[in-house]
Each structure stands twice: as C-alpha cells, then as structure tokens.
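The values are calculated or read from the model by the stated rules, or taken from the named source; none is laboratory data. Just so it is clear, the structure is predicted and the values come from calculations on it, not from any experiment. Here the Cβ positions follow ideal geometry from the backbone for every residue, glycine too, while neighbour counts run over all protein chains shown.
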Amino acid sequence: MKLDKLEPCCGPDEDMEYVLDHEQWEERINKFQNMIRSGWDIPPLIASNDKGILSLRDGNHRLEAMRREGIEEYWVIIWDNQSTENIKSLRSVKQDEEIN
C-alpha cells in the first residue's frame with residue numbers, strides 16, 4: 001500500500017492522538033533508519049479502517065523512518081471491526097489508485 005494513505009496516530013506534533021517527546025521520537029526514528037539501511041526486514045504496519053480513513057495503530061515510528069528513507073509503499077495489515085461498508089469503501093480507494 002502507498003504509505004501516504006496512512007494517518008499516523010502518534011508523534012511529536014501537538015495535533016496527534018498520542019503526543020510523544022520530540023527527542024525520544026527522533027532517537028527511535030534514527031535507530032529505525034539505520035536498521036533499514038542495514039537490510040532490516042521491517043514488520044508490516046497495522047492500520048484501522050474507519051470509513052476509508054486508515055489510522056496507523058502500530059508502526060508509527062517505522063512509517064516515519066520509511067518515509068525518510070524514501071520508501072513509498074509497504075505491507076499494511078488493515079483491520080476493520082465496524083462494517084463491510086468500510087471495507088467496500090477501501091476497495092474503491094485501491095481501484096482508484098490502480099487507475100491513476
């Protein structure tokens with residue numbers, strides 16, 4: 001999945017659902033960037049689908065490290081416990097991506 005479709009839920013920005021200390025955030029991002037450069041097999045990210053909005057629930061640090069390393073697409077596990085309509089809306093987003 002294209003990483004720009006994901007909405008992080010935590011980070012150092014004040015508007016995040018979970019605000020983290022900037023220094024600790026940067027330290028962890030740098031660690032993950034170094035691991036990526038060393039050939040780390042990055043675990044998939046996990047996002048929650050809520051009517052087509054993909055909120056990243058696990059992997060916020062990995063996402064930022066991948067973005068900084070120029071990785072634009074990666075494996076994402078998507079869970080949805082609301083309705084089949086959410087899944088259908090996500091499928092239409094995927095089809096739009098393939099057309100463009």
Self-check item: Among residues of region 1-48, those that are of a type in the set (S, T, N, Q), part of a helix (DSSP H, G or I) and surrounded by 15 or more Cβ atoms within 10 Å (Cβ to Cβ), counted
Solution: 1
Quiz item: Looking at (1) outside any strand (DSSP E or B); (2) at pLDDT 75 or above, can you tell me which one V93 breaks?
Solution: (2)
